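Below you'll find the structure, written out as structure tokens, and then a few comments.
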Amino acid sequence: MIDILDFVNQRVHMIGIGGSSMSGLAEMLQKEGCLVTGSDNTKSHATDRLEAMGIPVSIGHRAENIPGAALVIYYAAISPENPERQEARRLGIPEMERSCLLGQLMRGHRQVICVAGAHGKTTTSSMIGEVFLDAGVDPTIHIGGRVDHFGGGSRVGGKDFFIAEACEYHSSFLDMHPTMAVIMNIDEDHLDYYKDIDDIEHAFGRFLSLLPPGGTALGWGEDMRIRRLFSALPCRTYTFGTAENDDYRAVNARLSEYGCPEYDVQWNGIIIAHIHLRVVGEINLLDSLAAFAAAHLSGLDAETIANALNGFAGVHRRFELTGTVDGVKLYHDYGHNPVEMRTAVASAMLQKAGHVFAVMQPHTYSRVKTLFNDYLECTKAADTTLVTDIFAAREKDPGDIRSEMLVEGMQKHGVNAVLTHTFDDAEAYLRAHWQPGDLVLTMGCGNINLLNEQIQKHGDSPKQ
């Protein structure tokens, strides 16, 4: 078995280094003493940041990037036919998948907190990391996003706590070594890999089986699939939520004028803390409650946890206000499946804007095909929905699914949907129709965030 520690002071090459998880792992490997290089299809803020840290990044996947590497790291979506992986095999250079690397980096830590689920895992793991830091603990952290509080998506700390986002795609979380597993929800996604929701539930069951007898499972109590899996576990199990039988319960909950959750935390029938978040969206109530419970079960005191959560400023690309142009607020959210998009639109509607424009970049042909009907009404609450071309990501165009089909279906379901193929098309439509006081929300985990940057770079429209 390949051991990453055998490659200290040797060159480790990472394919797709600009990805949210890969870029954080690159930073961690560099701090471990590896000589990291990487490649990615596109230049991005992540690749710029890595190069500023002294990590060379080649744009484009080419065989000539591989000679001289002692080890190649790739992530699950990188095909064996990728030219860099082919060259590694030709030269006899060992390869390691991303999740295996993450699992190895967890070794030697006293407690490993892994946050899993179809939605909310990045925000929740970020909240837990920030709570531990504010409490004076020195955790190692790895998430699939960027948080200003700990300088990015990863942090190398001590050996007491490792806090990580555990992704279910390609069953990657089965390479983890959790002592505490936090399950936010079990929902349909990644149906290009899983057969159906039952197959997904089975994978979560296998993940939970990794917990040691003295470990802890924490999950959303209103998800019956989570409760079913918990009932079979030999370790300690706890739930969070708003129901009377949840161990950690949010009571007296409300949203502030602009949609920030506020509630009391009840534990064993006693109110032990008051939470008043700065971040917008009802979904953050559950995310923060899960983070509170995970930290409390780890021994942190309630007041310290509450103070940290009340100061949490959010994760980049999670309902993030990126700027204002022509008096119109521009937001971006990473949500890329219908459930997440519906949640993001709901947060936008709480902002008391004039007209809300939702700009959807559908992500991967397989996801659009398998969740097609769910997409048709997920932005219905918005006043206008713009739909760009599908972001292919790791996939090839099968030729049987188009954004035009989504727009036609949305319109039949009463959604005011408009097809804007490109970012230029979307910007032109927005500038022709928006008014001061309106709101634009771009959504997707592809490169749709660059539309915000493009609009902001162009600035206010010329005065007529």
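The values are calculated or read from the model by the stated rules, or taken from the named source; none is laboratory data. Because the structure is a prediction, the values reported are computed rather than measured. No Cβ is skipped: glycine too gets one built from the backbone with ideal geometry, and neighbour counts run over all protein chains shown.
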Residues being at pLDDT below 95 and either touching a helix residue (DSSP H, G or I) at 6+ places or on another chain (Cβ under 6 Å) or assigned to a helix (DSSP H, G or I) (or both) - total across region 75-93 | 2
Out of region 39-52, which residues are touching a helix residue (DSSP H, G or I) at 6+ places or on another chain (Cβ under 9 Å) and either modelled with pLDDT of 95 or more or among the β-branched types (Val, Ile, Thr) (or both)?
-> SER39, THR47
Hey, could you check region 314-340 for residues that are in contact with a helix residue (DSSP H, G or I) (Cβ under 7 Å, 6 or more places away or on another chain) and assigned to a loop (DSSP other than H, G, I, E, B) and say which is surrounded by the fewest Cβ atoms within 10 Å (Cβ to Cβ)?
-> ARG317
So CYS445 fits all but one of (1) within 26 Å of the chain's Cα centre (by Cα); (2) assigned to a loop (DSSP other than H, G, I, E, B); (3) surrounded by fewer than 16 Cβ atoms within 10 Å (Cβ to Cβ); what number is the exception?
-> (3)
Hey, among VAL182, VAL156, which residue is in contact with a strand residue (DSSP E or B) (Cβ under 6 Å, 6 or more places away or on another chain) and surrounded by fewer than 24 Cβ atoms within 10 Å (Cβ to Cβ)?
-> VAL156
Looking only at residues in region 245-280 that are of a type in the set (Gly, Ala, Ser) and closer than 29 Å to LYS352 by Cα, which one is surrounded by the fewest Cβ atoms within 10 Å (Cβ to Cβ)?
-> SER256
(1) more than 28 Å from LEU309 (Cα to Cα); (2) under 20 Å from the mean Cα position of the chain (by Cα); (3) not acidic (Asp, Glu): which one isn't true of PHE173, the others all being true?
-> (1)
Cβ-Cβ below 8 Å, separation at least six or inter-chain, first residue in region 19-35 and part of a loop (DSSP other than H, G, I, E, B), second buried (at least 21 other Cβ atoms within 10 Å of the Cβ) and among the hydroxyl-bearing types (Ser, Thr, Tyr): which pairs?
-> GLY19/TYR75
Name the pairs whose Cβ atoms lie under 6 Å apart, with the first residue in region 128-148 and closer than 16 Å to VAL115 by Cβ, the second modelled with pLDDT under 90 and in a loop (DSSP other than H, G, I, E, B), and 6 or more positions between them or separate chains?
-> GLU130/PHE312; PRO139/GLY157; THR140/VAL156; THR140/GLY157; GLY145/VAL315; VAL147/VAL315
Of the residues in region 100-122, those that are touching a Lys or Arg at 6+ places or on another chain (Cβ under 6 Å) and surrounded by 24 or more Cβ atoms within 10 Å (Cβ to Cβ) come to VAL115
Quick one: in region 16-37, which of the residues that are within 12 Å of LEU101 (Cβ to Cβ) and in contact with a Phe, Trp or Tyr (Cβ under 8 Å, 6 or more places away or on another chain) is modelled with the highest pLDDT?
-> CYS34
Are any of the residues in region 53-64 more than 30 Å from GLY215 (Cβ to Cβ), in contact with a helix residue (DSSP H, G or I) (Cβ under 7 Å, 6 or more places away or on another chain), of a type in the set (Ser, Thr, Tyr) and not assigned by TED's automatic domain parsing to the domain that holds GLU188?
-> yes
Residues of region 341-387 satisfying the condition of being among the acidic types (Asp, Glu) and within 24 Å of ILE455 (Cα to Cα) = ASP383
Can ILE59 be described as of a type in the set (A, V, I, L, M), touching a residue at least 12 places away in the same chain (Cβ under 8 Å) and in contact with a Lys or Arg (Cβ under 8 Å, 6 or more places away or on another chain)?
-> yes
Considering only region 3-25, how many residues are small (Gly, Ala, Ser) and farther than 15 Å from ILE141 by Cβ?
-> 3
